[in-house]
Amino acid sequence: FYDTADDHEALVVRPRDTGDNATPSGNSAAAEVLLRLAIIFDEPTYRARAATILGSLAAFLARYPTGFGRYLAAAEFALAAPHEIALVGTPAAPDMQALCAVIFQPFRPNKVVVQRDISGPAFESPLLEGRAQLGERATVYVCHNYACQLPVNEPEALAAQLAGADTE
């Protein structure tokens, strides 16, 4: 990705910020977002585009890692087996909040979380297809490559599933 539009006035060199500084570069942020969107929407072209971004700078990442922190995080995400987590319920409900607390603590960098709010408009994602609440309680599905473990709605059971998936 470039810092100017393709129909911008002619420049000697079209600028492209590649290094991460105090704030991540647009390209490193885009690579990570594309990788996450590839999972959320099961869209391989997003993953391919992210791989192109990361591959174009692979030599620099290896040689100057301190200048490419966000790129390295995106590369690690691309190589990992991220948790795919689908939540079904009402976001503000205490049972949903209890499940979210388990998902987000401790820090797990390689995860994609999608949520279906049963009281709102449907959000379409392959991760949410066929996923429903159990017993009218907030329910979570922990998946890998869209194959999910048994759904749970107890924080302790979710913690056990995530701990087991962390060791795989």
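The values are calculated or read from the model by the stated rules, or taken from the named source; none is laboratory data. Here the structure is a predicted model, which means the values were calculated and not measured. Neighbour counts are summed over all protein chains in view; Cβ atoms, including those assigned to glycine, are modelled from backbone coordinates with ideal geometry. Areas reflect the complete protein model, heavy atoms only, side chains present, ligands, DNA and RNA absent. Shrake-Rupley method; radii C 1.70, N 1.55, O 1.52, S 1.80 Å.
A few points about this structure:
Listed here are the residues, each with its yes/no results for (1) assigned by the TED database to the domain that holds LEU134; (2) surrounded by 15 or more Cβ atoms within 10 Å (Cβ to Cβ).
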| position | (1), (2) |
| --- | --- |
| ALA29 | no, yes |
| GLU32 | no, yes |
| ARG47 | no, yes |
| ILE53 | no, yes |
| LEU57 | no, yes |
| TYR64 | no, no |
| ALA75 | no, yes |
| MET96 | yes, yes |
| VAL102 | yes, yes |
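- The residues of the stretch 17-27 that are out of contact with any Phe, Trp or Tyr (no Cβ under 7 Å at 6 or more places or on another chain) and either closer than 24 Å to GLU124 by Cβ or open to solvent by 20 Å² or more (accessible area, probe 1.4 Å) (or both), listed by number, are ASP17, THR18, ASN21, ALA22, THR23, PRO24.
- Selection status of ARG70, under 29 Å from GLY164 (Cα atoms) and in contact with a Pro (Cβ under 6 Å, 6 or more places away or on another chain): yes
- Some residue of the stretch 119-129 being exposed (fewer than 11 other Cβ atoms within 10 Å of the Cβ) and among the hydroxyl-bearing types (Ser, Thr, Tyr): yes
- First in the stretch 15-28 and touching a residue at least 12 places away in the same chain (Cβ under 8 Å) and of a type in the set (Gly, Ala, Ser), second anywhere and part of a loop (DSSP other than H, G, I, E, B) and surrounded by 19 or more Cβ atoms within 10 Å (Cβ to Cβ), Cβ under 8 Å, 6 or more apart: GLY19/SER25; GLY19/PHE68; SER28/ASP20; SER28/PHE68
- Unique residue being over 14 Å from the mean Cα position of the chain (by Cα) and closer than 23 Å to ALA31 by Cβ when the list is LEU150, LEU158, LEU72: LEU72
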